[in-house]
Structures are given as structure tokens and as C-alpha cells.
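Since the structure comes first, as C-alpha cells, the remarks are kept for the end.
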Amino acid sequence: MPRPVTKVELIAAANTQFDKLWQQIDSLTEAEQNAAFHFDEDFLHKQKEAHWRRDKNLRDVLVHLYEWHQLLLSWIRANLSGTPQPNNPPF
């Protein structure tokens, strides 16, 4: 899928990917949805991003995603209300 270049394309791509996320989650059994992630220590050692050690299960990943959404919405609301935010938000 090519990178979106318009607002309409961006919204469509976001909705498509969000739907894929839920389809993937829905395809898991309840036990799989509640299971802890198991990463090889060698793999974890090579990863620079904190989320590889922080996110221990699907719930953690979904909470992380939710918090990013809240941050984005807060940034948008601030800009729309006349309180400009940096051009490059922290995400």
C-alpha cells in the first residue's frame, strides 16, 4: 500500500490498519489474548526501544496505543483552541 498523501488517504489507511489490528486480535483465543509475550533475551538485548521490555502482553500494547491516541487528541485540541503546539509533536 503506498504511503497516503492526502487527508482522505490517511484516514482510509488508518481505518484499514485499525480494522486489521482488530481482526488479528479477534482471531486469537482468549488464552492467547491474555498470554504473556516471550522474547528471547538475545533479541531483547538488540532492541533499543523501551517498549520491547515494557509491553509484556496484548493488554500492555493496547494501553500503549490508547495513550498515544490520547496524546495526539490532546495535541490537536490544543492547536485548534489557539494554543499552538510544536510542529513536530513528540510522537
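Please treat every number below as a calculation from the coordinates, not as lab data. Computed from a predicted structure; not experimentally measured. Here the Cβ is made from the backbone with ideal geometry for all residues, glycine too, and neighbour counts use every protein chain on show.
Based on the Cβ-Cβ distance from LEU28 to ARG3, what FRET efficiency comes out when R0 is 25 Å, to the nearest 0.05? Efficiency for this residue pair is about 0.30. May I ask you to derive the FRET efficiency for PHE39 and TYR66 from their Cβ-Cβ distance with R0 = 25 Å, giving the value to the nearest 0.05? Calculated transfer efficiency: 0.65.
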